[in-house]
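The values are calculated or read from the model by the stated rules, or taken from the named source; none is laboratory data. Computed from a prediction, not measured in an experiment: that's the story for all the values here. Here the Cβ positions follow ideal geometry from the backbone for every residue, glycine too, while neighbour counts run over all protein chains shown. These area figures cover heavy atoms from the full protein model, side chains too; ligands, DNA and RNA do not enter into them. Shrake-Rupley method; radii C 1.70, N 1.55, O 1.52, S 1.80 Å.
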Amino acid sequence: MSIFRLCVIAGAAVYTLATHAQEVPSAEVLKVYLGATLIDPDGGAPRPNTAIVVRGDRIEAVLDAARYVPAKGVRTVAVPGTFLVPGFIDAHVHLATPPERGIALAMLRRDLYGGVTAVRDMGDDARFMAGLAYGARFGEYPAPDIFYTALFAGPEFFSDPRVQASSQGETAGQVAWMREVNAQTDLAQAVTLARGTGASAVKVYANLDAAAVAGIVAEAKRQGMPVWAHAAVFPASPLDVVQAGADTMSHVCMLAYQAQAMPQAYHRRADVDETNFRNGMPESVKAVFAEMKRRGTVLDATLLVYVTIERMRAEFPPGQGPPIYCSADLAGRIAKAAHAAGVEIAAGTDAPGTADDTYPALQQEMALLVSQAGMTPLQALRSATVLGARSLGRESEMGTIAPSKLANLVFLGADPSKDIAATRNVVLTVKRGQDFWRKDFVMPTPEEFGEMP
């Protein structure tokens, strides 16, 4: 049986690998990635010339290469001159609205070869998502790991064509993954059924008051499920959502509704009154920031979606095009103020990017966190790794490079702590110990991407 031995030779720790390769199952093959400079998103000093020892899908050790002694039967992957960071995590995607397997697989392939090793799907058809997540997890196709939600909302919301598409063949609002919540709902049963879909969390979406949100959160937590919520649930306000105990809150512009009369329903909401922000952040919004910081609530800002909608609107005649309730400029200003106030911000896109972009949308979100939200490149990198893992509730196995964590690694051709654009210079992605070299990436065709913008 293969063993690791930590030896002390002449007072220096030397890591040796003793193996009998014929006895090692394929899932337990040992690999060592040699020569990269490790960049710590949490701000630790860079570690040049590292040896990352991987057994199967886990990191076994993180060493200085000088202390690594090669051994027979261990595969060495030379990556000198590269910069190593944890696998990226997109905290907000939609892969199945409606389910289109070809498009989903094309997006996932681009994500993985672009360094994304996990995604958080924020409300789709769980029947489709369960199979998609299984295939991604067990390597049936190149894809990040997928974690998906079961969506809870008030009755009026289920006329939305997106939930109709994600419940096709059934009645929207009456299925476990798209659940209507009203005064008669048995929340214990609803959460139990949501868990049965394989969902990682309950998503609190729309048309629920503060008491309903609090009830859903309490029951989900009782059953061990995280709660991922919109930052405003209409009529529940952002402060109501924070105080209810949601783990994450999505869409930075929804925080702006704390500064005005709360709309009573998602589809009947007024635009954000941006005049409230002419003289800086209103005190009511600052109070939300303070409560989020106190509770450790993660903000999934989705800056890219606001930029994308403005770009799309520019292609239509005045007064036409997709609706927008908040400008990209205000989204950036709120995100910057939230970041300055100590709110933890995860990198989530809620937009697929364009079909001609060879890199995932997440790299655009990271760039926006730097240019609009006032983050340093290293802070934006932390948003896409450490805080992405926190948004998933998976900090114990993702988000940093350390022994016992999943071998989710990205080797870059330039230093992302100096320039976030380096995240678009992927050399190699490692997901659960499997190598995906960027040079082998085949860009999906326009037909594969389907109706992407």
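Can you tell me what percent of all Cα-Cα pairs in region 308-407 are more than 22 Å apart? Write out the running numbers ahead of the final one.
Details: 2023 of 4950 pairs.
In whole percent, the long-distance tail amounts to 41.
Peptide packing: for 277-285, 201-209, the average count of neighbouring Cβ atoms within 10 Å per residue gives the ranking 201-209, 277-285, highest mean first. Taken over the Cα atoms of region 153-223, the convex hull encloses 83 Å³ per residue.
Dipole size in debye (nearest 20) for the chain around its Cα centre, Lys and Arg Cβ +1, Asp and Glu Cβ -1?
Values: 41 positive and 47 negative charges, 272 e Å.
About 1300 debye.
Quick one: net charge of I146's neighbours, Cβ under 11 Å, K/R +1, D/E -1? Neighbour charge sum, excluding I146 itself: -3.
Of all aspartates and glutamates in the structure, the ones whose alpha carbon falls short of 18 Å from that of K336, not counting any fewer than 8 places away in one chain, are E274, E283, E291, D300, E344, E365.
For T82, nonlocal amide neighbours, meaning residues 5 or more places apart or on other chains whose placed amide H falls under 5 Å from its own, are T37. The Cβ shell under 15 Å around T423 holds other residues with a net charge of -1, Lys and Arg each +1, Asp and Glu each -1. S371 sits with roughly 90 Å² accessible to a 1.4 Å probe, with DNA, RNA and ligands left out of the calculation.
Considering every alpha-carbon pair of region 63-125, the percent of pairs per 5 Å bin, from zero through the bin containing the longest distance, is 4, 13, 17, 17, 11, 10, 9, 8, 7, 3, 0.
Highest mean first, the peptides 257-267, 312-322 sorted by other C-beta atoms within 10 Å per residue fall in the order 257-267, 312-322.
Here the convex hull built on the C-alpha positions of region 131-260 has a volume of 120 cubic angstrom per residue.
For K203, the lysines whose Cα falls under 22 Å of its own Cα, not counting residues fewer than eight places away in the same chain, are K221, K293.
Lys and Arg at +1, Asp and Glu at -1: add these up for the other residues within a Cβ distance under 12 Å of Q260 and post the number.
Values: positive: R269; negative: D271, D273, E274.
In short, -2.
Once the mean of 1/r is taken over each pair of separate Cα atoms and inverted, region 31-148 shows a Kirkwood hydrodynamic radius of 16.1 Å. Inverting the pair-averaged 1/r between distinct Cα atoms of region 230-311 gives 13.0 Å as its Kirkwood hydrodynamic radius. DSSP assigns beta bridges within the chain; of those with both partners inside it, close to 50 percent run antiparallel.
For the chain, the spread of Cα coordinates along the three principal axes comes to 70, 48, 44 Å, biggest extent given first.
Residue by residue, region 356-363 carries 3J(HN,Hα) couplings of 9, 7, 7, 10, x, 4, 4, 5 Hz when phi is fed to the Karplus relation 6.51 cos²θ - 1.76 cosθ + 1.60 (θ = phi - 60°); x denotes Gly or Pro.
Between the helical axis of 101-113 and the longest alpha-carbon principal axis of the chain there is an angle of about 50 degrees.
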